[in-house]
Amino acid sequence: MNAPAALRRSRPRIRGHRVRRRTTRARGTIAAAALAVAVLAGCAGQSGPGDVEGAGAGQQPDAAESTEVTIGLTYIPDVQFAPFYLAQDAGYFEAEGLEVDLRHHGASESLFGALEAGEEDVVIAGNDEILQAVSHGTDVVSLATIYQDYPVQIFVPADSELTEVADLAGRNLGVPGPFGQSWFGLLGYLDRAGLSEDEVNIEHVGFTLFNALSEGHVDAVVGFVTADAAAFATADFPVRTIADPDVLPLVSVGLGASQEWLNDHSEAGPGLIRAVERAVDDIRADPQVAVDAASAHIPGTMTDQDEAAALLTAEAMVELYGTGEFGAQDPEAWEEMAEFMDQVGLLDEPVPADEAYTTQWR
């Protein structure tokens, strides 16, 4: 690949195995990272990032024909949004006739608030969050599933006696709060293990999962196999996982847009997916590309530990993307999720699954 691979290492084994810190060789300064992205964007005649005339790209339109699209990336800049940073910087959006504005939400902003207000056209969200929003009356539809595997896991210290979800009965379990994918994932794991919420001492610890587990305040925590696993690994606190995401009746992270916007922009939706898919393919081939792209969008200078964590996160993302068609929707999985979320009280009212997603472009 065109990008340097100075930080390439093996991904931490997180599905039922120990996660330890890897050492890393720093790339240098943030300026070097920004230069790397610029080089990628300027490359011609190659199949890597920057090759906007490559296979699958749309024809370069006149500026007057471009469609403006605001994409909500939620909260703070992070390597998890690297496909969107890369698609913008390498010209993949532009090649599809899209003039994209990447917008990070404020800390107190609701996930779908800007979409409902017309300030965003597309938003990254859990497909389970999209289904829940539809039950609230929000006009939002999933047009693609980005992660084919669910990103939430249950972490325990490497020397813990806990080996499976059923072992959590009577134990202290930390979770950020009763919201979002960490909460949905927890309910799914407990349900599949035959446990009720009352049988586990659930503590809402906010975003202090590392401290809660490493300091012994809880026996286990619910977190993400991306950033949370990376945080444990780079802090030299060995953990392992005790849950199997394959059992979860949930559909992972996706792209949401209003049905009205999709109806009015029939070409923009497919073009958006193609552009992001090209960036994801670059990251699949070399996760370091994600770190380089993100570093140009994350304020300040990334430390060696920050870069190490970012690469671990990017490598975990590659596994979550899967090896099949990017953005694929699984109707059976959507049906199962709609039934489960209704049964456990996560929906205001039952929602037919096909009202919350489309397979029009995937």
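The values are calculated or read from the model by the stated rules, or taken from the named source; none is laboratory data. As the structure is a prediction and not an experimental result, all values here were calculated from the model. Here the Cβ positions follow ideal geometry from the backbone for every residue, glycine too, while neighbour counts run over all protein chains shown. Quick note on the areas: whole protein, heavy atoms, side chains included, nothing else; ligands and nucleic acids left out. Shrake-Rupley method; radii C 1.70, N 1.55, O 1.52, S 1.80 Å.
At-a-glance table
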quantity	calculated
Boolean, Arg278 is open to solvent by 40 Å² or more (accessible area, probe 1.4 Å), part of a helix (DSSP H, G or I) and not acidic (Asp, Glu)	no
Filter pass, Asp149 being within 21 Å of Leu320 (Cα to Cα), in a loop (DSSP other than H, G, I, E, B) and within 17 Å of the chain's Cα centre (by Cα)	yes
Qualifying residue in segment 180-188 (condition: open to solvent by 60 Å² or more (accessible area, probe 1.4 Å) and either modelled with pLDDT under 95 or over 23 Å from the mean Cα position of the chain (by Cα) (or both))	no
Matching residues in segment 198-216 - criterion: being within 25 Å of Tyr75 (Cβ to Cβ), among the small types (Gly, Ala, Ser) and open to solvent by 30 Å² or more (accessible area, probe 1.4 Å)	Ser214
Cβ pairs under 8 Å, 6+ apart, first in segment 316-339 and β-branched (Val, Ile, Thr), second open to solvent by less than 30 Å² (accessible area, probe 1.4 Å)	Val318/Ile283; Val318/Pro287
Residue that is in a helix (DSSP H, G or I) and either touching a strand residue (DSSP E or B) at 6+ places or on another chain (Cβ under 8 Å) or over 17 Å from Leu346 (Cβ atoms) (or both), where the choices are Phe184, Phe207	Phe184
Cβ-Cβ under 7 Å pairs, at least 6 apart or on other chains, segment 185-214 side of a type in the set (Ser, Thr, Tyr), far side open to solvent by 30 Å² or more (accessible area, probe 1.4 Å)	Ser214/Phe237
Any hit, segment 297-306, residues being within 22 Å of Glu99 (Cα to Cα), polar (S, T, N, Q) and in contact (Cβ under 8 Å) with a residue 60 or more places away in the chain	no
Qualifying residues in segment 256-275 (those that are crowded, with 24+ Cβ neighbours inside 10 Å and not in a helix (DSSP H, G or I)) - the one nearest to the chain's Cα centre (by Cα)	Gly256
Residues of segment 247-268 classified as without any contact (Cβ under 8 Å) to a residue 40 or more places away in the chain and charged (D, E, K, R), total	1
Matching entry among Glu164, Glu129 (being surrounded by fewer than 20 Cβ atoms within 10 Å (Cβ to Cβ) and within 21 Å of Phe340 (Cβ to Cβ))	Glu164
Residue match in segment 131-145 (condition: more than 30 Å from Glu215 (Cβ to Cβ) and of a type in the set (Asp, Glu))	yes
Residues satisfying the stated conditions in segment 61-110, i.e. among the hydrophobic types (A, V, I, L, M, F, W, C), surrounded by fewer than 20 Cβ atoms within 10 Å (Cβ to Cβ) and either modelled with pLDDT under 95 or within 23 Å of Gln305 (Cα to Cα) (or both)	Ala63, Ala64, Ile76, Ala107
Scope segment 161-179; condition modelled with pLDDT under 95 and part of a strand (DSSP E or B); matching residues	none
Conditions (1) open to solvent by 50 Å² or more (accessible area, probe 1.4 Å); (2) at pLDDT 95 or above; (3) out of contact with any Pro (no Cβ under 6 Å at 6 or more places or on another chain); number of the one not met by Phe224	(3)
Which numbered condition Leu115 fails, given (1) hydrophobic (A, V, I, L, M, F, W, C); (2) out of contact with any Asp or Glu (no Cβ under 8 Å at 6 or more places or on another chain); (3) crowded, with 23+ Cβ neighbours inside 10 Å	(2)
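Conditions (1) modelled with pLDDT under 95; (2) within 24 Å of Ala231 (Cβ to Cβ); (3) open to solvent by less than 10 Å² (accessible area, probe 1.4 Å); (4) in a helix (DSSP H, G or I), marked per residue:
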| residue | (1), (2), (3), (4) |
| --- | --- |
| Ala293 | no, yes, yes, yes |
| Thr301 | yes, yes, no, no |
| Val318 | no, yes, no, yes |
| Thr323 | yes, no, no, no |
| Met337 | no, no, yes, yes |
| Gly345 | no, no, no, no |
| Thr359 | yes, no, no, no |
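A quick yes/no check of all residues on (1) under 22 Å from His265 (Cβ atoms); (2) in a helix (DSSP H, G or I); (3) touching a His at 6+ places or on another chain (Cβ under 6 Å); (4) not polar (S, T, N, Q):
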| position | (1), (2), (3), (4) |
| --- | --- |
| Ile76 | no, no, no, yes |
| Gln88 | yes, yes, no, no |
| Gly106 | no, no, no, yes |
| Ile124 | yes, no, no, yes |
| Gln132 | no, yes, no, no |
| Ser142 | yes, no, no, no |
